[in-house]
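Data first, discussion second: the structure below is written as structure tokens.
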Amino acid sequence: MIDEGRRKLGGALGVGIAVGVLPGITLGAETFDAFLSYGYAAVVLVLLNQVVFIGPSRRVPPLALLFFGALGFVEDALIWWLLSWLGPKISDLHVEGLGTVLLAALITRAATLLASQLTRGVETAEG
């Protein structure tokens, strides 16, 4: 899987973990409504992360990963803040409070960085 695919997978996984564990995020009462709300949140987050991507394209040292993580956390917090406003307008998604926004951003960025750092056992050198 190329790096862009890993980042998308990490973002979608991060949204799933955030909506699953944070009590301040509600998706909807019915199964279909909850799935649709998750889909909207994942699509918005993944698309905006593709437009303005802050993160490594390959494996990086821990200090650089921390730097990318901090910048990406700010980006994801702004996206979750947008979702807290936009969610009730397009679906049954509700994000309650700044603390929930920040925790969701932390979870999402951690999942995105983890997925972006996964590589196959042997990388081929170009040249």
Packing-based order for 7-16, 69-78, 104-113, using average beta carbon neighbours within 10 Å, highest first: 104-113, 7-16, 69-78
Per residue accessible area of the chain, 1.4 Å probe, in Å²: 60 Å²
Whole-angstrom Cα spans of the chain along principal axes, big to small: 53, 27, 24
Normalised contact order of the chain, rounded percent, pairs of Cα under 8 Å and 6 or more residues apart: 42 percent
Residues listed by number, the stretch 31-56, amide nitrogen under 13 Å from V74 label point at 7 Å toward C-beta: 54-55
With Cα atoms, 0 to 90° folded angle of helix 3-21 axis to the chain main axis: 40 degrees
Acute angle (nearest 10 degrees) that the helix 31-51 long axis makes with the longest principal axis of the chain, alpha-carbon atoms: 40 degrees
For the stretch 90-104, Karplus couplings with θ = phi - 60° (6.51, -1.76, 1.60), whole Hz, Gly/Pro x: 10, 7, 8, 6, 10, 10, 9, x, 5, x, 5, 4, 5, 5, 5
Net charge of Cβ neighbours under 11 Å - reference A105; Lys, Arg +1; Asp, Glu -1: -1
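Under a point-charge model restricted to the Cβ atoms of Lys and Arg (+1) and Asp and Glu (-1), what is the dipole moment magnitude of the chain relative to its Cα centre, in debye to the nearest 20?
320 debye
The values are calculated or read from the model by the stated rules, or taken from the named source; none is laboratory data. These numbers come from a predicted model, not from an experiment. Counting neighbours? That spans all protein chains shown, and the Cβs are built from the backbone with ideal geometry, glycine included. Keep in mind that these areas ignore ligands, DNA and RNA; they rest on the heavy atoms of the full protein, side chains included. Shrake-Rupley method; radii C 1.70, N 1.55, O 1.52, S 1.80 Å.
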